[in-house]
1. Quick one: in segment 98-114, of everything that is under 18 Å from SER152 (Cα atoms) and in a loop (DSSP other than H, G, I, E, B), which residue is farthest from the chain's Cα centre (by Cα)?
2. Can you pull out every residue in segment 75-95 that is free of Cβ contacts under 8 Å to residues at least 40 places away in the same chain and surrounded by 21 or more Cβ atoms within 10 Å (Cβ to Cβ)?
3. Starting from residues that are in contact (Cβ under 8 Å) with a residue 12 or more places away in the chain and buried (at least 22 other Cβ atoms within 10 Å of the Cβ), keep the ones in segment 115-128 and report whichever is farthest from the chain's Cα centre (by Cα).
4. Please note which helices (runs of 4 or more DSSP H) are completely contained in segment 141-205 and include at least 3 residues that are surrounded by 14 or more Cβ atoms within 10 Å (Cβ to Cβ) and among the aromatic types (Phe, Trp, Tyr).
5. For ALA207, only one of the following conditions fails: (1) under 15 Å from the mean Cα position of the chain (by Cα); (2) in contact (Cβ under 8 Å) with a residue 60 or more places away in the chain. What is its number?
6. So, THR56, is that one modelled with pLDDT under 95 and over 28 Å from LEU121 (Cβ atoms) or not?
Amino acid sequence: MLKFLTTTPLLVAYCFTPIFAKTLDSILDDMVEENTKPAIEQIQPTTEEVKKKATTKYTCPACTPNEKIVLEFFQDYGITDKYALATLMGNIKQESMFVPNICEGGARVPYHHCHSGGYGLIQWTTLGRYRGLGNHARSIGGNPSTLQTQLSYLVTEREWKRAEWKFKTPGKPIGFYMNGAYTWLGWGIHGARTHYSNQYVHRLTPAG
């Protein structure tokens, strides 16, 4: 018994001073309150912040006409975060330089004349995704070689659907959105995607 008392002084103190010791439930309640209160405060944006995020729209004055169309399309689709938009733009630039009728290797050809490699804005490469573009174009009476048809097809693909929630989550860094881009595109070579994305962060400016 003596050995037990000397090796566990905290237990002895707790046992013999009940007036000054807190109950276990009280200690746990204090810990919960301390750890959760700051978190609750952090995740509550002000009404002004929510309104600003919802109404801010971005333009790219120095961009090409195709870049501007793509930027407008994604914003109309509900992607509002500047860094998410910049990441989408950076990835499309890496894939196709915003040329919708580009076949892998650089040739500018109609959809049916690209016989190997990727094609279009995001270089649709696998047979299923490539044929999906053609099928989508027929279903809407569009041209698979055009920007508008490719944009409308892009957001119907299951690969996009798996990543869409990330692009629609505001307030994250480029790395977060780049992970979403990989889920969407599944690229083999990263290339200059991050570099381009960072460039667009500076090129995109609030409209108005």
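1. Step by step, filter segment 98-114, then rank; the result is PRO110.
2. Scanning segment 75-95 gives a single hit, ILE92.
3. Only one residue tops the list, namely TYR119.
4. Per the criteria, 174-185.
5. (1)
6. no
The values are calculated or read from the model by the stated rules, or taken from the named source; none is laboratory data. Fair warning: this is a prediction, and the values are worked out from it, not measured in the lab. Neighbour counts run over all protein chains shown; Cβ positions are idealised from the backbone, glycine included.
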